[in-house]
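The next block holds one structure in the form of C-alpha cells; read it before the comments.
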Amino acid sequence: MQAQVTTYYLEMLSPNELRPKHAQIEGLLVMKAEIPCAELQHFLYRSVGGNWYWYEKAHWTYQQWWEYAQNPNLHTWVAYLKGTPAGYFQLEVQLEGNVEIVYFGLMQQFSGMGLGGHLLTCALEEAWRLGARRVWVHTCSLDHPAALANYQARGMQLYKAETTKMEIPDQTPGLWDGA
C-alpha cells in the first residue's frame, strides 16, 4: 500500500534542555540489558513495534538478530512493571558525539499509564551519560500518536521534517504472526 509518511527528525544539544518527567509507579524498574541477546532484541522490536509499522527487521533471521545484538555501540534498556517487560529504548553511540535513540516505545497494554514520558527521560539521561554532544531521534506519522509530542515535551527540537510516498505493508507482521 502506498501512503504519505512524514518523518520528523528531532535533536537535543545540551542536557540542560531536558524537561524531565518521572513517574512514581510502584514496581517500575528501568534496567540495562548487559548481555547481548538476539532473542531479547527480537522480542522487544516485535512486541513494541508490531503495531506501529516497524517492519524493516520483522523477518530477520536469528543470525541477523545475533549480529545486531553484538554491536558494542548499542545500549538497550528495558522498562519492567512488576517484573513484566513494559517497553524499551535503545541508544547507539555514533561518530562525532552523536547518540541516536534508535528504538523507543511501550508495549500496547502499558500505553496511557504515564510511562512514556518517564522512559524517554531515562533514555535522554542515559544518552548524556554516554558522553553525547547531541542526542537525536526520528519518528514518523505511522508511529504512536503521542510520540512526537512526547519528544518535544522532553525538550527535543524538530530540525527537519520530510514527507514522502512510501510503500508500506498492508498489515505489519505482529508478534503473533509466527515470523
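The numbers here are math on the coordinates, done by the rules we state, and not lab data. If you're wondering where the values come from, they're calculated on a predicted model, not measured in any experiment. For neighbour counting, all protein chains shown are included, and Cβ atoms are generated from backbone atoms with ideal geometry for every residue, glycine included.
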Most fluctuating residue given options ASN73, ASN16, ASN150, as computed from a GNM of the chain linking Cα atoms under 10 Å
ASN16
Mind checking the full-extension length gain between THR61 and ASN98? Use 0.36 nm per residue of separation minus the Cα-Cα distance, one decimal, nm.
10.4 nm
A correct fewest-to-most ranking of PHE89, PHE43 by other Cβ atoms within 10 Å would be PHE43, PHE89
Give me the percent relative contact order of the chain, please, defined on Cα pairs under 8 angstrom at least 6 residues apart.
41 percent
Please give the calculated 222 nm ellipticity per residue for the chain, where each DSSP H segment of at least 4 residues contributes -39500 (n - 2.57) and the sum is spread over every residue; nearest 500 deg cm²/dmol?
-7000 deg cm²/dmol
With a/c under 1.5 counting as rounded, go ahead and sort region 2-170 into rounded, prolate or oblate using the C-alpha gyration tensor (a ≥ b ≥ c being the square roots of the eigenvalues; past the cut-off, prolate if a/b is larger than b/c, else oblate).
rounded
Rank these for me by crowding, MET31, MET166, MET107, MET156, going from fewest to most other beta carbons within 10 Å.
MET31, MET166, MET107, MET156
In region 88-125, which residues have a backbone nitrogen under 14 Å from the label point lying 7 Å from ALA149's Cα in the Cα-to-Cβ direction?
112-117
log10 I(q)/I(0), Debye, Cα-only region 29-72, no solvent, q = 0.26 Å⁻¹?
-0.96
Checking the cross-link filter: which lysines have an alpha carbon closer than 26 Å to that of LYS57, excluding same-chain neighbours under 8 positions apart?
LYS32, LYS160, LYS165
So what's the Cα pair-distance distribution over region 103-175, bin width 10 Å, in %?
14, 45, 32, 9, 0
Give, in nm to one decimal, the length gained when the segment between GLN2 and GLN108 is fully stretched (0.36 nm per residue of separation minus the Cα-Cα distance).
35.6 nm
